[in-house]
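K.L.:
Below you will find the structure I want to go over with you.
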Amino acid sequence: MITRVRGTEDNLDVRLYNFILSSIKHHLTLYNFNEIDTPILEHTELFVRAVGTETDIVSKEMYIFNTASGESICLRPEGTASVIRAYIENKVEQAPWKVFIHGPMFRHERPQLGRWRQFSQTSLEIVNTQSIAHDAHFLKLLDRLFTDIFKLNHYVLKLNFLGCLDDRKAHKAALVEFLTTHQTQICQTCVARKEKNTLRVFDCKNEDCKALYTSAPKIIDHLCAACIQEWGQLTQLLSMLSVNYAIDHTLVRGLDYYNKTVFEFSSRDLGAQNAFCGGGRYSLGKDFGAKDNLSCVGAAIGMGRLLMLVEKHVQQLSLPQEPALHVVIPFSEQQLPLALMLVDQLLAHQLAADILCEKASISNLMKKANKAGAKYALIIGPDEQAQGTIAVKNMLKGETTVVKQADIISFLRG
Ligand code: HAM
């Protein structure tokens, strides 16, 4: 048997997923976001420059291949870099540019519950905005989506502020000193990260390291006057908008492009892979050809993880009603043409209908109609054919009514 590729999933019923996606799209439209689409294939260099060579994504998780002409191409591991590339390449002049993309992303991670090698994200970005008020408005948008639309509870919005480049330099120096003092207590990965990507030690899963880092220097204590003011403004605006958050000084996010605000929505209902949305303020563009870096704020929703959460209390949501299904059952081959005409007539009148053409006993076919969720079974035997009627069985009540073929549409609509 040929099986699916490790770390990928089959979804054999996408109705709930589609409901989630269309609810997100509707919500984002209200907030004046436009949907755009960018390719799944991108130049590898795009992510090397945007996400950073020392990040896990670029250093070990990308699906990369070389084309016959020697180009290095990859399957996109995230959407943000592509959105900024598209903004610059297409010379978009709108600022701020509020857009979202939805689609599959690819990361060669160790698969586990909630972590796949192919997964879908909805990535929403406000491109080219300096105002910290946008960060607050953006977090309210997400919080409202999860609370009001999907009725999620048991989740927390973790928030941190990474300051500007100079703040991070000052913090890094203090952190390196702290790590050097405690070098014998930290794991080998953290020893390596100390030199290459110091802030990432906070992503370490080792319990001893995690305990030690609760007393490590905090970025918040190294903010310049302007950043202190912005951070204060952000927390004030969030309180004003009734957005609950928990400050997490160790939240640094695994991509290099962030500065200032960073956040993650996580839920204890998800297990180890508990973040279902993450993002923050970032600077990108200069490396892809813009005159200066663009200041932006964005986030990506992990659609698979959000689906897992929504599935847990789907009964609290008002999902769109499926149209009632009517199943036409011919007794034998002789009634098949008439049955086909009938199902076609129902469909032409926008009624959901199907036909059972298999050779099987009537009781077997009735069981199939029941399993399919039919409201009515429309049975045509030799008598009905001769008399121009249909035996219509109400599958819920078990009653059968004989209806003239000419009256069937009004009967079903009635
Ligand atoms: P990220 O934190 O790497 O950020 O991913 C965002 C979300 O995608 C995660 O919180 C998680 O729900 C989901 N996700 C990530 N990797 C996997 C995986 N292997 N399997 C299943 N779900 C996964 C970004 O991608 C940034 N581009 C977000 C952003 C947008 N920042 C600014 N704008």
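The values are calculated or read from the model by the stated rules, or taken from the named source; none is laboratory data. Nothing here was measured: the structure is a model prediction, and the numbers come from that model. Glycine also receives a Cβ, built like all others from the backbone with ideal geometry; neighbour counts cover every protein chain displayed. The protein model used for the area step is the full one, side chains on, heavy atoms only, and it has no ligands, DNA or RNA in it. Shrake-Rupley method; radii C 1.70, N 1.55, O 1.52, S 1.80 Å.
K.L.:
If you fit an axis through the alpha-carbon atoms of helix 303-312 and take the longest principal axis of the Cα set of the chain, what angle between them do you get, 0 to 90°, nearest 10?
P.N.:
Tilt relative to the chain: about 60 degrees.
K.L.:
In addition: Evaluated at 10 °C with a viscosity of 1.306 mPa s, what Stokes-Einstein diffusion coefficient in µm²/s does region 321-397 have when Rh comes from the Kirkwood expression over alpha-carbon pairs?
P.N.:
The estimated diffusion coefficient comes to 128 µm²/s.
K.L.:
Here's another thing I want to ask about it. Using a Förster distance of 30 Å, how high is the FRET efficiency between residue 148 and residue 53, based on the Cβ-Cβ distance and rounded to 0.05?
P.N.:
According to the calculation, E is roughly 0.15.
K.L.:
What FRET efficiency, computed as 1/(1 + (r/R0)^6) with R0 = 30 Å and r the Cβ-Cβ distance, is obtained for residue 241 and residue 165, rounded to the nearest 0.05?
P.N.:
Efficiency for this residue pair is about 0.60.
K.L.:
While we're on this one: As a test of reading the structure, rank 368, 140, 359 by solvent-accessible area (1.4 Å probe, protein chains only), most first.
P.N.:
Ranking 368, 140, 359 by accessible area, largest first, yields 359, 368, 140.
K.L.:
What is the percent carbon and sulfur in the accessible area of region 326-413, measuring with a 1.4 Å probe over the protein chains and ignoring ligands? Before the final figure, lay out each step's value.
P.N.:
Numbers: 2710 of 5150 Å².
Carbon and sulfur: 53 percent of the exposed surface of region 326-413.
K.L.:
Also, I was wondering about something else. Taking R0 as 51 Å, what's the FRET efficiency between residue 413 and residue 195 from their Cβ-Cβ distance, rounded to 0.05?
P.N.:
Working: r = 73 Å, r/R0 = 1.44.
Step by step, r from the Cβ atoms, then E = 0.10.
K.L.:
Sticking with this one: For the pair residue 400 and residue 249, how long in nm is the line joining their label points, each one 7 Å along Cα→Cβ?
P.N.:
It works out to 7.7 nm between the two label points.
K.L.:
Between residue 229 and residue 65, how many nm apart are label points set 7 Å from Cα along the C-beta direction?
P.N.:
Label-label distance for residue 229 and residue 65, simple model: 5.3 nm.
K.L.:
Round to the nearest 10 and give me the degree value, 0 to 90, for the angle of helix 80-89's Cα axis relative to the longest principal axis of the chain.
P.N.:
Roughly 90 degrees between the two axes.
K.L.:
Separation of region 230-262 and region 330-368 by C-alpha centroid, Å?
P.N.:
Cα centres, region 230-262 to region 330-368: 59 Å.
K.L.:
Roughly what % of Cα-Cα distances in the chain sit above 31 Å, to the whole percent?
P.N.:
Tail of the P(r) past 31 Å holds 52 percent of the pairs.
K.L.:
Please arrange 250, 189, 38 by accessible surface area, largest first, computed with a 1.4 Å probe and ligands excluded. Walk me through the numbers before you get to the answer.
P.N.:
Working: 250 45, 189 75, 38 15 Å².
Ranked list, largest accessible area first: 189, 250, 38.
K.L.:
Moving to a separate point now. What nm distance separates the two modelled labels at residue 94 and residue 13, each placed 7 Å from Cα along Cα→Cβ?
P.N.:
3.8
K.L.:
Once both axes come from the Cα atoms, what is the angle between helix 132-144 and the longest principal axis of the chain, in degrees from 0 to 90, rounded to 10?
P.N.:
Once rounded, the angle reads 30 degrees.
K.L.:
Let me ask something else. Based on Cα positions only, what radius of gyration and what Dmax would you give for region 1-126, in angstroms?
P.N.:
16.1, 52
K.L.:
Now for a separate question. Over the chain, what is the mean sequence separation of C-alpha contacts under 8 Å (at least six apart), divided by residue count, expressed as relative contact order in percent?
P.N.:
Working: 652 pairs, mean separation 61.9, N = 414.
Relative contact order here is 15 percent.
K.L.:
Turning to a different aspect of this structure: Give the relative contact order (percent, whole number) for region 326-413; include only Cα pairs under 8 Å separated by 6+ residues.
P.N.:
Worked out over region 326-413, it gives 29 percent.
K.L.:
Between residue 370 and residue 183, what length in nm is gained on full extension when 0.36 nm per residue of separation is reduced by their alpha carbon distance?
P.N.:
Once the chain is fully extended between residue 370 and residue 183, it gains 60.6 nm.
K.L.:
Any chance you could look up the accessible area of residue 92 with a 1.4 Å probe, heavy atoms only, rounded to 10 Å²?
P.N.:
Its accessible surface works out to 40 Å², give or take rounding.
K.L.:
Which whole-number value in Å² is the accessible area per residue of the chain, probe 1.4 Å?
P.N.:
Heavy-atom SASA per residue in the chain reads 51 Å².
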